[in-house]
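Below: the structure, in structure tokens.
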Amino acid sequence: EPEVTQTPSHQVTQMGQEVILRCVPISNHLYFYWYRQILGQKVEFLVSFYNNEISEKSEIFDDQFSVERPDGSNFTLKIRSTKLEDSAMYFCASSSWAARLQSSYNSPLHFGNGTRLTVT
Amino acid sequence: GDSVTQMEGPVTLSEEAFLTINCTYTATGYPSLFWYVQYPGEGLQLLLKATKADDKGSNKGFEATYRKETTSFHLEKGSVQVSDSAVYFCALKIGAFGGGSEKLVFGKGTKLTVNP
């Protein structure tokens, strides 16, 4: 079964450094998402992306964050200047066009295994 | 705002025990409700879903019924196995009639350990 893959599985960076988290969504999926989970907290929505632009973002997703689909297969999350509070597990997800059209908005998201980001 | 509250974990059970993980929600629209599961070292996987009141989602022996009157979506399984050990997340997504949204709103997750 196709999978969403994320790299690296664990990233350690120093405060103030830029970090790029990488994801390869399922190949025929058109909707892409980033979520994060701070240790012991809820999984939180960051951003959704469709047709090469952000379709929705949360208030967490401020100017320090950006997303890109640089080459038609990768989907990246960039944090420009990391803070200690950015330490979390970051999950990438994707969903298909057919699923997205379901009027009840019950489209299943396929998640990657996550990247654990540690900011020191 | 929209939110999901799950029972605090961790939950430890013996094999073949009955499982209930409570989940309640607050939503401004008409949500679809989901249970996701995360096995050790893996990503979140959709376990089951329900899209309207009184719907029952089921998969792999797990069930949950969408109860609008109590705003609940409790997860149950009659006889758990060691292989069910995982973290379980309750989540909602606001449906089209509520304005629609891309985002899933998750609970904190409940860690289940099943001992042989």
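The values are calculated or read from the model by the stated rules, or taken from the named source; none is laboratory data. Since this is a predicted model, take the numbers as computed values, not measurements. Using ideal geometry, Cβ is built from the backbone for each residue, glycine included, and neighbour counts are taken over all protein chains shown. All accessible areas refer to the heavy atoms of the entire protein, side chains included, with ligands and DNA or RNA removed. Shrake-Rupley method; radii C 1.70, N 1.55, O 1.52, S 1.80 Å.
Results, tabulated for the structure shown:
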quantity: Within segment B:45-87, considering residues that are touching a His at 6+ places or on another chain (Cβ under 9 Å) and among the hydrophobic types (A, V, I, L, M, F, W, C), the one most open to solvent (accessible area, probe 1.4 Å); calculated: B:Leu46
quantity: Entirely in segment B:33-98, the strands (runs of 3 or more DSSP E) that have 3 or more residues that are closer than 26 Å to A:Gln41 by Cα, at pLDDT 90 or above and in contact with a Phe, Trp or Tyr (Cβ under 8 Å, 6 or more places away or on another chain); calculated: B:44-50, B:62-65, B:75-77, B:86-94
quantity: Selection status of A:Ile60, open to solvent by 30 Å² or more (accessible area, probe 1.4 Å), part of a strand (DSSP E or B), farther than 20 Å from B:Phe34 by Cα and without any contact (Cβ under 8 Å) to a residue 60 or more places away in the chain; calculated: no
quantity: Residue selected from segment B:21-44 under the condition among the β-branched types (Val, Ile, Thr) and either within 30 Å of A:Thr7 (Cβ to Cβ) or more than 10 Å from the chain's Cα centre (by Cα) (or both), by the criterion surrounded by the fewest Cβ atoms within 10 Å (Cβ to Cβ); calculated: B:Thr28
quantity: Selection from segment A:35-51 of residues that are open to solvent by 70 Å² or more (accessible area, probe 1.4 Å) and modelled with pLDDT of 90 or more; calculated: none
